[in-house]
Amino acid sequence: MKIISMLKVMSRINRWPFYITDIYIKLIKKNIWKTRKLSIATTTVWLGLPIVTNFKGASIVIGENCLICSRSDQTALGVSHKTIIRTMREKALINIGSNVRMSGTTICAMSSINIGNRCVIGSDVIITDTDFHSLDPNIRFSKQDSLNAIFRPVIIGDDCFIGGRSIILKGVQLGDRVVVGAGSVVTKSFKDGSIIAGNPAVLIKIVNE
C-alpha cells in the first residue's frame, strides 16, 4: 500500500508543470489576449499553452465551449506542436464557432478563416488562406513578399470533421457536415455532406443529413 501511495504522490508531482500552465492561462494569458483584440468565450478550455498572435487591427473570435489542445498526452494521436492561431495583416479575421475541438492545429489568416460550430479538427491539421510567399522570385526575396502572396478566404461549415494532418488551402469552402479523410490536401470547395480524401482531395461520396 505504501508503494501505491508513493506512486500516486509522484504522479501528482509530475503533473505540477501542467497545473502551473493552466493557472497561468486562466489568470494571466486570458487578460493579455483581451488587450490584443481577441474575443474568447470564458467557457473555452485550453489544454496546454497555445501560440496565439494577432496582428494589429486584426481580430480573433473563439466561441463557447471550445476545446483547444496543445498537449500530446491529452489527445489520442498526440500533437507535433502547440496549437497556432495567427492573423498576419490588418483587418484579417479568424472566427471559430462554438463547441469546436482541435489538437495541434495551425490556423493562419491573411484575409479570413471562418470555422463553423461543432467541428472536430484532428491532430496537426493546417488551415490557411494564403500562399505565404509571392510566386515572383524577385518579390519573394523582398520585404513585400508575404503581402504579395495570393490569399482568399476559407469557410468551413458546421459539423465538419477534418482528419488528422490534413491541409485546407486558400479559397476553400466546405459545406456543413463535410468529412475530410486523414492526410488530405484540400484545394477546392465541396458542398454539404461531402466525404472527401486524397491529395488533392476528391469527392468519395455524399451523405445526406
Rounded to 10°, Cα long-axis angle of helix 2-14 versus longest principal axis of the chain: 40
Could you give P(r) for segment 135-209, binned at 5 Å from zero, as whole percent values over all Cα-Cα pairs? 4, 17, 23, 20, 10, 9, 8, 6, 2, 1
How large is ³J(HN,Hα) for each residue in segment 92-101, as worked out from phi by the Karplus curve 6.51 cos²θ - 1.76 cosθ + 1.60 (θ = phi - 60°), to whole Hz, x for Gly and Pro? 5, 9, 10, 10, 10, x, 8, 6, 8, 10
For the chain, radius of gyration divided by Kirkwood radius, i.e. Rg to Rh on alpha-carbons: 1.04
For 159, 124, 73, give me the order by solvent-accessible area with a 1.4 Å probe, most accessible first, ignoring ligands, DNA and RNA. 73, 159, 124
Sequence of 44, 21, 187 from largest to smallest accessible area, 1.4 Å probe: 187, 21, 44
I need to check one value: relative contact order of the chain, counting alpha carbon pairs closer than 8 Å and at least 6 residues apart, in percent. 11
Loop-resident sites, segment 116-209, for trypsin sites (Lys or Arg not before Pro), counting at most 10 other Cβ within 10 Å (DSSP): 143
Expected field for residue 55, accessible surface area in Å² at 1.4 Å probe radius, rounded to 10, holds 100
Interchain or sequence-distant (5+) residues whose placed amide H lies within less than 5 Å of the amide H of residue 173 are 155, 189, 190
For segment 25-105, what is the relative contact order in percent, using Cα pairs closer than 8 Å and at least 6 residues apart in sequence? 32
Expressed as a rounded percentage, what relative contact order does segment 91-147 have, with Cα pairs under 8 Å and six or more residues apart? 32
Please list, in chain and number order, the residues 5+ apart from residue 62 or on another chain whose amide H is under 5 Å from its amide H, with Hs placed from the backbone. 39, 40, 41, 96
Which trypsin sites (Lys or Arg not before Pro) in segment 32-110 sit in a loop by DSSP (not H, G, I, E or B) and have at most 15 other Cβ atoms within 10 Å of their own Cβ? 36, 37, 56, 91
From the phi of every residue in segment 78-91, what ³J(HN,Hα) in whole Hz does the Karplus formula 6.51 cos²θ - 1.76 cosθ + 1.60 yield, where θ is phi - 60° and glycine or proline is x? x, 9, 7, 7, 5, 4, 10, 10, 9, 9, 10, 6, 4, 6
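The values are calculated or read from the model by the stated rules, or taken from the named source; none is laboratory data. Predicted model only: the values in this text are computed from it and were never measured. Neighbour counts are summed over all protein chains in view; Cβ atoms, including those assigned to glycine, are modelled from backbone coordinates with ideal geometry. These accessible areas exclude ligands, DNA and RNA; they are computed on the full protein's heavy atoms, side chains included. Shrake-Rupley method; radii C 1.70, N 1.55, O 1.52, S 1.80 Å.
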